[in-house]
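Step one of this worksheet: look at the structure below.
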Amino acid sequence: MTASLEELFTAHLQLCGVGNDQLVGIIAEHGHKADYVQAAIAGARSLGAKAIVLSASSLSNPTLPPALHKNGRDIPALLAAAGECDMVVDVTVGGLIHSDVRTRITGAGRRMLFVAEPPEVLERLESTSEIRSRVEKGRDLLRAGRTLSVTSAGGTNLTADISGEDLPITCQWGYVDEPGRWDHWPSGFIACFPKDRTAQGTIVLQPGDALIPWQRYVRDTVTLTVEDGFIRKIEGDGVDAANLRDYFSAWDDEAVYATSHMGWGVHPTASWSAFEVYDPRSLYGQELRSVAGSFMWSTGSNRFANRETPAHLDIPMRACTVAIDDHVVVRDGKLVN
Ligand SMILES: [Fe+2]
């Protein structure tokens, strides 16, 4: 590492357009990531902005049932304060990603940035305009497309309907320099939420694909049968298939079996090996989500289909071919320019 956390935040907040007389709100959880809170304050102040810290006792979702946290009066109070800020930096442990909090802050025109990765990942995967233009190119293809398809030599063969002008698209290049924009620093991927209940086919997970937030690689082949947007069968002889069946059924909620966003990574310096090189539990998984040429899809939560559940797996896969209609964007795990 060559930069301090404070220097990283200063440079990144500058990229987000923070400057004189702006107010930056930092949302945090008591007792967690105090160094990030301090770095965000220092970064904002060094750019001439003011900073306030909005801290609550617990905001993160659980990763296993039961979901204990019920939103109380802390959330409306937090939203009221966040609404006064020009930009909100979310340093909560789990991130207010799929929550109504995020939608309401960005819906009010505020820009919002989530930060969770260790400092060396923030530095090594810093955002660039090249990443942004790769993401924007993907967005334009998705907007014009009708069908997203993914295939692999391992047996994956899935299609989903992405037609229509109102296709929800998530463009993540890692910084927020436009009103109402949300992003996660660092990032480099493009994803869409296909029309609900239209994904059909088979997804075959192979060793080396990743399970986030389990923060580990798939070890055994798992065959998932997807019908009308929902996973209907999970087959495989190994512990992965057994654990996935166990995890999904534990929620006792049909919503967890839904497919959610689908897309691909474009970040040139993100590496598949991150879960081996670092302590994987110290990572949020942005590096694996962003590897150039991955196919990244997810399960469960989908705010565009009014499907809310804390259960949400992001699954980046290697060696897939992804196409928008006849236009191949990823071939055998390599990004096509
Ligand atoms: Fe996700």
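First check a/c for region 5-116, with a ≥ b ≥ c the square roots of the eigenvalues of its C-alpha gyration tensor; if it is under 1.5, answer rounded, and if not, answer prolate when a/b is larger than b/c or oblate otherwise.
prolate
Please state the charge dipole magnitude for the chain, taken about the Cα centre, from unit charges on C-beta atoms (+1 on K and R, -1 on D and E), reported in debye and rounded to the nearest 20.
300
Can you tell me the 0 to 90 degree angle between the C-alpha axis of helix 239-250 and the longest principal axis of the chain, rounded to 10?
In the chain, helix 239-250 runs at an angle near 60 degrees to the longest axis.
Is region 176-247 best put as rounded, prolate or oblate by its Cα gyration tensor, with a ≥ b ≥ c the root eigenvalues, rounded for a/c under 1.5, and otherwise prolate when a/b is larger than b/c, oblate when not?
oblate
Straight-line reach from LYS195: which lysines have Cα under 23 Å away, leaving out those fewer than 8 places along the same chain?
Within the straight-line cut-off, LYS195 pairs with LYS137, LYS233.
When a/c is below 1.5 the answer is rounded, else prolate if a/b is larger than b/c, else oblate, so apply that to region 242-302 with a ≥ b ≥ c taken from the square roots of the Cα gyration tensor eigenvalues.
Note, shape of region 242-302 comes out oblate.
If you take every DSSP beta bridge whose two residues both sit in the chain, what share of them, in percent to the nearest 5, is antiparallel?
70
What lysines sit close enough to LYS50 to cross-link, taking a C-alpha to C-alpha distance under 25 Å and skipping anything fewer than 8 places away on the same chain?
LYS33
Which residue, VAL277, VAL226, VAL18, tops the fluctuation ranking in a GNM of the chain built on C-alpha contacts under 10 Å?
Among VAL277, VAL226, VAL18, the largest GNM mean-square fluctuation belongs to VAL277.
From the P(r) of region 129-335, could you give the percentage of C-alpha pairs in the tail past 31 Å?
Roughly 11 percent, rounded to a whole number.
Which value at 222 nm does the chain reach when only helices count, each DSSP H run of 4 or more adding -39,500 (n - 2.57), with the total divided by all residues and rounded to the nearest 500 deg cm²/dmol?
-7000 deg cm²/dmol
Measure nothing but the geometry: give the 0 to 90° angle between the long axis through the Cα atoms of 34-46 and the longest principal axis through the Cα atoms of the chain, rounded to 10°.
For helix 34-46, the angle is close to 60 degrees.
Say each of THR147 and ALA80 gets a label point 7 Å from the Cα, pointing the same way as Cα to Cβ; how far apart are those two points in nm?
Here the modelled spin labels are 5.3 nm apart.
Efficiency by 1/(1 + (r/R0)^6): what FRET value for ARG331 and ARG73, r their Cβ-Cβ distance, R0 = 56 Å, to the nearest 0.05?
Efficiency at R0 = 56 Å is approximately 0.60.
Determine the gain in length on full extension of the stretch ARG281-SER133; use 0.36 nm per residue of separation and subtract their C-alpha separation, reporting nm with one decimal.
Numbers: separation 148, 0.36 × 148 = 53.28 nm, distance 3.09 nm.
Length gained, ARG281 through SER133: 50.2 nm.
On a 0 to 90 degree scale, rounded to 10, what angle separates helix 129-144 from the longest Cα axis of the chain?
With rounding to tens, the tilt is 50 degrees.
Please order LEU141, LEU313 by the number of other Cβ within 10 Å, starting at the fewest. Before the final figure, lay out each step's value.
Working: LEU141 17, LEU313 20.
With the sparsest Cβ surroundings first, the list reads LEU141, LEU313.
All of the numbers you see were taken from the coordinates with simple rules; none came from a lab. Predicted model, so just to flag it, every value in this text is computed and none were measured. All Cβ positions, glycine included, derive from the backbone under ideal geometry; neighbour counts span all protein chains shown.
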